[in-house]
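Read through the structure below, which is laid out as structure tokens, and then see the notes.
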Ligand SMILES: Cc1cc2nc3c(=O)[nH]c(=O)nc-3n(C[C@H](O)[C@H](O)[C@H](O)COP(=O)(O)O)c2cc1C
């Protein structure tokens with residue numbers, strides 16, 4: 001299996017308006033591949049505009065916020081490049097789509113990395129941030145998972161939150177949990193937490 005870089009991708013609408021979404025970019029041979037599901041703004045934009053920016057951040061609140069619909073994260077323009085980066089990015093990559101592999105549900109946009117730039121130091125791995133990332137991905141797939149699977153995954157991830165989260169990670173965790181609980185309420189799934 002190839003390495004997947006979990007990041008926040010900026011794509012551009014046909015009018016040039018930036019759109020940000022969490023995405024896993026797949027590193028395969030000399031390509032980084034964006035594989036957004038249909039339908040999504042990211043997919044629509046990539047089909048129109050071949051330049052994108054990947055922002056690498058350790059702020060779990062941004063991943064959590066984006067999956068609960070908080071989109072107003074500050075962006076910073078990049079000189080000579082149309083798609084801005086997250087202002088909070090530790091680093092960013094500028095990518096160009098070279099070719100597209102069409103697919104009914106999940107086309108693959110094969111990109112070349114044109115430039116990578118660092119902005120702040122990376123201060124190490126953290127289990128709670130990884131747990132928020134896992135929960136955020138899970139929160140985008142709730143209708144595909146059984147209530148038991150959702151329950152057991154969250155119970156496991158909660159351990160890393162309890163042991164290693166700082167304030168930002170707790171805030172991020174609460175955002176994702178609120179989304180999951182809301183889904184359970186609507187789907188009439190008993191809440192056991
Ligand atoms: C860490 C993370 C990685 C994700 N990776 C993908 C991905 O590779 N492909 C995808 O379609 N959705 C992925 N998602 C879900 C999208 O962010 C989500 O579907 C989002 O709404 C994109 O839709 P939009 O472009 O309309 O905003 C990921 C979510 C998270 C939290």
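Data overview
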{"read-out": "The listed residue being in contact (Cβ under 8 Å) with a residue 40 or more places away in the chain and within 30 Å of residue 165 (Cβ to Cβ), out of 40, 87, 55", "value": "55"}
{"read-out": "Residue match in the stretch 17-30 (condition: more than 12 Å from the ligand (Cβ to nearest atom) and buried (at least 18 other Cβ atoms within 10 Å of the Cβ))", "value": "no"}
{"read-out": "Only listed residue being within 12 Å of the ligand (Cβ to nearest atom), in contact with a helix residue (DSSP H, G or I) (Cβ under 7 Å, 6 or more places away or on another chain) and under 16 Å from residue 8 (Cα atoms), chosen from 52, 43, 142, 66", "value": "52"}
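Every residue, every condition in (1) over 23 Å from residue 11 (Cα atoms); (2) within 16 Å of the ligand (Cβ to nearest atom); (3) buried (at least 17 other Cβ atoms within 10 Å of the Cβ); (4) within 19 Å of the chain's Cα centre (by Cα), yes or no:
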residue	(1), (2), (3), (4)
82	no, no, no, no
105	no, yes, no, yes
130	yes, yes, no, yes
135	yes, yes, yes, yes
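Throughout, read-outs are computed from the coordinates displayed, never taken from laboratory work. Please read these numbers as outputs of a predicted model, since none were measured by experiment. Positions of Cβ are backbone-derived with ideal geometry, glycine not excepted, and every protein chain shown enters the neighbour counts.
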